[in-house]
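Participant: Dropping a structure here in structure tokens format, bear with me for questions.
Throughout, read-outs are computed from the coordinates displayed, never taken from laboratory work. Since the structure is predicted, the reported quantities are computational estimates derived from the model, not experimental observations. As a convention, Cβ positions derive from the backbone with ideal geometry for all residues, glycine included, and neighbour counts pool all protein chains shown.
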Amino acid sequence: MREKHRLPPSRDDRTVAADDTDHARLSQPVAAAQRLQRTIESRDLFRGDNEILISHDGAIYRMKITRQGKLILNK
């Protein structure tokens, strides 16, 4: 029986051994996905206005709703 000629494995086909840093890096997105994120509706923040001021860490930020309905945050 004839043996088929095999090409060396491509980069995508190689098996790579995982070390501790790989495990930690791979588990982070899973942990983040399992955490529930608080969602706040923009209409609750703006309450009918097109612009609000946000105080953060001693600085004032301005958030606007554009005519196209997008949000812009400026310091």
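Participant: If we keep just the residues of the stretch 32-51 that are over 20 Å from Ile72 (Cβ atoms) and of a type in the set (A, V, I, L, M, F, W, C), which is surrounded by the fewest Cβ atoms within 10 Å (Cβ to Cβ)?
Facilitator: Taking the candidates together, the pick is Leu36.
Participant: Here is a follow-up. Of everything in the stretch 52-75 that's among the small types (Gly, Ala, Ser) and not in a strand (DSSP E or B), which residue is surrounded by the most Cβ atoms within 10 Å (Cβ to Cβ)?
Facilitator: Gly69
Participant: Could I ask something else about it? Mind checking which pairs have a first residue in the stretch 58-75 that is of a type in the set (Gly, Ala, Ser) and a second that is surrounded by fewer than 10 Cβ atoms within 10 Å (Cβ to Cβ), Cβ under 7 Å, 6 or more apart or different chains?
Facilitator: Sorted first by the residue in the stretch 58-75, then by its partner, the pairs are Ala59/Lys75.
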